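Structure record follows, encoded as structure tokens.
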Amino acid sequence: MSTVVEVMEKTTGAMSSAELAGEQHSRATVGDFTVADARMTCRDVEVWYGPKKAIKGVSLDIGKNEVLSMIGPSGCGKSTFLRCLNRMNDTIDGCRVTGSILLDGQDIYDKSLDPVPLRARVGMVFQKPNPFPKSIYENVAYGPRIHGLTNNRAELDALVESSLRKAGLWEEVKDRLDQPGTGLSGGQQQRLCIARTIAVSPEVILMDEPCSALDPIATAIVEELIDELRSQYSIAIVTHSMQQAARVSQRTAYFHLGDLIEIGETNDIFTSPKHRLTEDYITGRFG
């Protein structure tokens with residue numbers, strides 16, 4: 001059976017990859033976007049900024065205890081799609097999201113659903129570390145306090161320590177918890193932000209280029225942490241580093257011009273991509 005690419009190549013001849021993407025508009029995603037044990041289920045998701053469609057009918061599952069990497073050139077829609085998963089796009093004027101996004105079978109865009117507790121269940125770690133202008137302790141304790149997750153100071157102390165341990169930061173900061181989080185190094189600040197996310201017991205952790213502002217040593221520490229965290233959480237990460245995607249993820253999704261072009265096991269995507277656009281991107285022909 002001919003693939004979408006083969007059909008297009010027969011009818012367009014030597015059309016460039018970018019032109020081919022413009023013709024295709026993701027009428028079909030290559031690969032199986034479903035998983036047997038899905039934590040989040042996205043179907044026909046479209047995102048509009050005013051009259052401009054930024055995401056075009058994307059369907060994609062995020063499995064339990066897996067790391068899903070989203071790759072693609074700048075402006076392809078991967079970060080926009082990531083922000084749909086905990087309704088961060090709600091904060092952007094003129095942004096409209098259609099389709100279905102379910103978390104454990106519940107529609108996260110249901111009008112009766114409060115986005116504040118949703119963002120505790122689906123936490124976000126941003127590109128640039130953004131600790132609160134508070135102490136290291138208060139950075140981690142803030143979320144559990146506002147969500148009422150502990151009953152007394154002893155429980156809160158234990159939760160702060162547990163979260164910092166999971167983030168691989170406890171031994172480095174345990175003797176200076178009262179010092180400002182902003183005084184930590186860049187890599188430590190990012191791990192503090194991960195600890196802050198973990199502290200409210202999320203089911204899913206979203207990471208938008210979490211290592212792009214870090215040096216190679218700090219990047220390696222965060223990548224090791226991501227691998228450890230997937231035993232307890234589902235993780236979706238946007239990255240411009242294909243090497244990072246290859247190191248940390250079990251599945252990889254390739255986005256282009258708002259379309260989900262191909263999805264598959266990470267090793268397969270990088271060694272034997274099925275779509276010409278995916279191959280052109282990972283081999284450096286464009287992007």
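The values are calculated or read from the model by the stated rules, or taken from the named source; none is laboratory data. Computed from a prediction, not measured in an experiment: that's the story for all the values here. With ideal geometry, Cβ positions are generated from the backbone for all residues, glycine too; neighbour counts draw on all protein chains shown.
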Selection from the stretch 55-87 of residues that are within 19 Å of Ala246 (Cβ to Cβ) and of a type in the set (Lys, Arg)
Lys78
Qualifying positions in the stretch 263-279 - within 17 Å of the chain's Cα centre (by Cα) and surrounded by fewer than 24 Cβ atoms within 10 Å (Cβ to Cβ)
Gly264, Glu265, Thr266
The lone condition Asp157 fails out of (1) at pLDDT 95 or above; (2) crowded, with 18+ Cβ neighbours inside 10 Å is (2)
Every residue in the stretch 149-169 that is in contact (Cβ under 8 Å) with a residue 40 or more places away in the chain and assigned to a helix (DSSP H, G or I), please.
Leu159, Lys166
May I ask you to verify whether Gly183 is without any contact (Cβ under 8 Å) to a residue 12 or more places away in the chain and either touching a strand residue (DSSP E or B) at 6+ places or on another chain (Cβ under 7 Å) or on the phi > 0 side of the Ramachandran plot (or both)?
no
Here the residues within the stretch 48-89 that are within 22 Å of Gly284 (Cα to Cα) and either without any contact (Cβ under 8 Å) to a residue 24 or more places away in the chain or out of contact with any strand residue (DSSP E or B) (no Cβ under 6 Å at 6 or more places or on another chain) (or both) are Pro73, Ser74, Gly75
Exactly one condition in (1) surrounded by 19 or more Cβ atoms within 10 Å (Cβ to Cβ); (2) of a type in the set (Ser, Thr, Tyr); (3) within 27 Å of Ser135 (Cα to Cα) is false for Ser249; which is it?
(3)
Counting just the residues of the stretch 174-197 that are within 12 Å of Pro131 (Cβ to Cβ) and more than 27 Å from the chain's Cα centre (by Cα), which one comes out surrounded by the most Cβ atoms within 10 Å (Cβ to Cβ)?
Pro180
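Determine whether Tyr109 is among the hydroxyl-bearing types (Ser, Thr, Tyr) and under 22 Å from Leu229 (Cβ atoms). Walk me through it before giving the result.
On the way: among the hydroxyl-bearing types (Ser, Thr, Tyr): yes; under 22 Å from Leu229 (Cβ atoms): no.
When the stated conditions are applied, Tyr109 does not pass them.
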Among the listed residues Leu192, Leu184, Leu225, Leu229, identify the single one that is touching a Pro at 6+ places or on another chain (Cβ under 6 Å) and under 27 Å from Asp157 (Cβ atoms).
Leu192
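Tally the residues that are out of contact with any strand residue (DSSP E or B) (no Cβ under 8 Å at 6 or more places or on another chain), surrounded by 14 or more Cβ atoms within 10 Å (Cβ to Cβ) and assigned to a loop (DSSP other than H, G, I, E, B), restricting the search to the stretch 110-130.
3
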Working only within the stretch 233-277, note down all residues that are of a type in the set (D, E, K, R) and touching a Phe, Trp or Tyr at 6+ places or on another chain (Cβ under 8 Å).
Glu262
Hey, among the residues in the stretch 78-103 that are modelled with pLDDT of 95 or more and part of a loop (DSSP other than H, G, I, E, B), which one's farthest from Val47 (Cα to Cα)?
Asn86
Matching residues, the stretch 131-148, being assigned to a loop (DSSP other than H, G, I, E, B) and either closer than 15 Å to Leu169 by Cα or modelled with pLDDT of 95 or more (or both)
Pro131, Phe132, Pro133, Lys134
May I ask you to verify whether Val238 is crowded, with 24+ Cβ neighbours inside 10 Å, of a type outside the set (Phe, Trp, Tyr) and closer than 26 Å to Val140 by Cβ?
yes
The stretch 194-243: number of residues that are of a type outside the set (Ser, Thr, Tyr), closer than 15 Å to Val122 by Cβ and either free of Cβ contacts under 8 Å to residues at least 60 places away in the same chain or not in a loop (DSSP other than H, G, I, E, B) (or both)
14
What do you reckon, is Thr266 at pLDDT 95 or above and either more than 20 Å from Pro129 (Cα to Cα) or among the aliphatic types (A, V, I, L, M) (or both)?
yes
